Structure formats: structure tokens, C-alpha cells
Amino acid sequence: MRTKGSAAELEERRRRAVALTQEGYGPSEVAGILGTTKGSVTRWRQAYERGGDEGLDSEPHPGRPPKLTDRQRQKLAELLLQGARHHGFVTELWTLSRVAEVVRRKFGVTYHPGHVWKILREMGWSSQKPERRARERDEAAIAGWRRQEWPRLKKRPKGRQKHSFSR
């Protein structure tokens, strides 16, 4: 599994490991300092010895590049915070289909609604289910009922009773 961090952060970590080994620290000590394994430190040192500073450079990530740039994702977050009604939807509820539609309109990028969820999760968003409440709900009346009626109706455990059994 790939270590978390940007390519630049990971390169800096490798360069620091090599610098520490050149200062006389052993691979185990460097691994403890940087929170990595002894094998990684050894591999980085060998890469440096074979290729110099360029041997520690990050390699490009395999796979297709994302359709939305980081800047577009930031803009998407701003658009979503404006609310669904602002974008022409009947209610304020954001669904995956609605988010996909906004992405298509604003950025010209088409996503299947199921894949929109991956983008939202990477952006730190989570699934929320709106609480359903009646329009006629009277919060003051509910609070009063809870204070006055509920204690009267609530069953309380009775004191422990002694049971006698006979044969």
C-alpha cells in the first residue's frame, strides 16, 4: 500500500533518510526516526548510490489522470455549499445524480452517479440522510409534554420485591 503524502513529501522523506545515513545513523535508527521500515531505508540508500539525487525522485502514478483538477474540486465544493436550489433543483437535497449533473454543467465532465460518490468521499464529504419532520411540528409543545406528561407516563422500576416460595 502506498504511503500517504504528496510526491514532493515522499521525495523529501527519502532524501532525509539518505542524509541521516550519510551522517552515520544506521538503517534501523533512520527507520525509527522517519516511521518507516529498515528495508525501505536500505532501498532508498541503494537507489541514491545508483542514480544520485534523481534516484530518489517519485515516479508518475499509473492509471488515468483524474477528470477534475484539484482546483475544479475546490470549486465543486463551493458550488455544492450554495445549495441544490441555487442550481435549479426543487429541493435542497443533494443526490449523486444531481451532483453529477452540476459537474456536467459547470465543468463539461460526465461521471456516472455511482462514481461521483468516490469524488465526494475524497473531498471529505459524507453521506447524510435528512431528518424527516412534520411542517406542523410545534417544538414548544413537545418540550412541555416531555417535561410534564412523559415523567408521569414513564414506567419506573419498582423496588426489589421479596418472593416467597413454598413447597
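The values are calculated or read from the model by the stated rules, or taken from the named source; none is laboratory data. Only a predicted model underlies this, so the values are computations on that prediction, with no experimental measurement involved. Reconstructed Cβ throughout: ideal geometry from the backbone, glycine too, with neighbour counts over all protein chains shown.
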ask   = Given the conditions (1) at pLDDT below 95; (2) of a type in the set (D, E, K, R); (3) closer than 19 Å to Trp125 by Cα, which single one is not true for Glu101?
value = (1)
query = Mind checking which residues of segment 33-49 are loosely packed, with under 14 Cβ neighbours inside 10 Å and part of a helix (DSSP H, G or I)?
reply = Ile33, Gly39, Gln46, Glu49
inquiry  = Given the criteria assigned to a helix (DSSP H, G or I) and either acidic (Asp, Glu) or loosely packed, with under 15 Cβ neighbours inside 10 Å (or both), does Ala100 qualify?
reply    = no
Considering residues of segment 66-88 that are under 12 Å from Arg98 (Cα atoms) and either among the polar types (S, T, N, Q) or in contact with an Asp or Glu (Cβ under 7 Å, 6 or more places away or on another chain) (or both) only, the residue surrounded by the fewest Cβ atoms within 10 Å (Cβ to Cβ) = Arg85
ask   = Which of the residues that make up segment 120-148 are surrounded by 10 or more Cβ atoms within 10 Å (Cβ to Cβ), closer than 23 Å to Thr91 by Cα and acidic (Asp, Glu)?
value = Asp138
